[in-house]
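Okay, so here's the structure we're looking at.
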Amino acid sequence: MLEVSNLNVSIQSTSILRDVSLTIEDHTMVGLVGRNGAGKTTLMKSIMGLLKAESGRMSFNGTNLLDTPVHERIHLGIGYMPEDRRLIPDLTVKENLLLPAWAGNNSQGEARLDYIFKLIPELVEFGPRRGTQLSGGQQKMVALGRALMTGTKLLLLDEPFEGVAPALAQRLVEVISKLKSEGMTVIFSESDLQHSVHMVQKIFTMDRGELREKIL
């Protein structure tokens, strides 16, 4: 379970998140909806430890995240797919997928890669290519696979469908729906829920750094 309580985060002295609180149960898919600049990405980066909280509390399955260094959070089973994909252009797709396992000294990386390849078989074909040889939608698929390398319990997907051709967006929906059937906990960050509305059990709306829960 992810619990966030009264979280406040500023960037360069500008307040971005204001007393944000949310609770997400295990095996739940959640929509985080708001326009650009509302604070959605900041919240995800704060959960990953990429941005430091000024005050508040965050815990995941009983572990205090604010006391957990960034490099240790991946060992908790949390994976992050950034909006801009952030693939390493000089690495092949397979190397990009394995990078989190290498960084975390995870000896199970190859076994996890086999699971990812079965879930997203397109990545087998992409494997020898470099990130720059893929379309934007294909890069999103790789970024999802990379997030799954460490995201065994919780996935943070920041605008996963933005800028993706309809066919690839539908393919992403199919993959994420499969994850739902496997009991994965997922947070979607989106400007709307056009693609994920049928997958989520809970919706939070964000505006100017403040969060409200919408009852479905």
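The table below lists the values:
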item: For a label point 7 Å along the Cα-to-beta-carbon line of Glu3, residues of region 61-97 with backbone N under 12 Å; result: 61-65
item: Cβ charges +1 (Lys, Arg) and -1 (Asp, Glu), total dipole of the chain, debye; result: 140
item: Positive-end extreme of charge dipole, the chain - chosen from Asn64, Ala169, Pro128 (charges on Cβ); result: Pro128
item: Paramagnetic reach from His198 in region 137-160 [backbone N under 20 Å; point 7 Å along Cα→Cβ]; result: 160
item: Cβ-defined net charge surrounding Val70, 13 Å radius [Lys, Arg +1; Asp, Glu -1]; result: +1
item: For region 96-216, size of Cβ-based charge dipole, Lys and Arg +1, Asp and Glu -1, in debye; result: 200
item: Label-to-label distance, nm, for residues given as Thr205 and Ser10 (7 Å Cα→Cβ offset); result: 2.9
item: Ser191 paired with Arg130, simple spin-label distance in nm, labels 7 Å along Cα-to-beta-carbon; result: 3.2
item: Reachable aspartates and glutamates, given that their alpha-carbon falls under 13 Å from the alpha-carbon of Lys94 and they are not under 8 places away in the same chain; result: Glu110, Asp114, Glu122, Glu125
item: 222 nm mean residue ellipticity, helices alone, for the chain (DSSP H n ≥ 4; -39,500 (n - 2.57); rounded to 500); result: -9500 deg cm²/dmol
item: Antiparallel DSSP beta bridges within the chain, percent to nearest 5; result: 55
item: For the chain, built as a Gaussian network whose Cα springs stay under 10 Å, the top-fluctuating residue of Ala111, Ala53, Ala101; result: Ala111
item: Among the listed pairs Lys45/Lys118; Lys140/Lys180; Lys45/Lys140; Lys40/Lys153; Lys45/Lys180; Lys40/Lys180, those beyond 26 Å (Cα-Cα); result: Lys45/Lys118
item: Spin-label proximity, Arg35 to region 195-214 - amide N less than 15 Å from point 7 Å beyond Cα toward beta carbon; result: 206-210
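Since every read-out is calculated from the coordinates, none of them should be taken as a lab result. Remember, predicted model here, so these are calculated numbers, not experimental data. With ideal geometry, Cβ positions are generated from the backbone for all residues, glycine too; neighbour counts draw on all protein chains shown.
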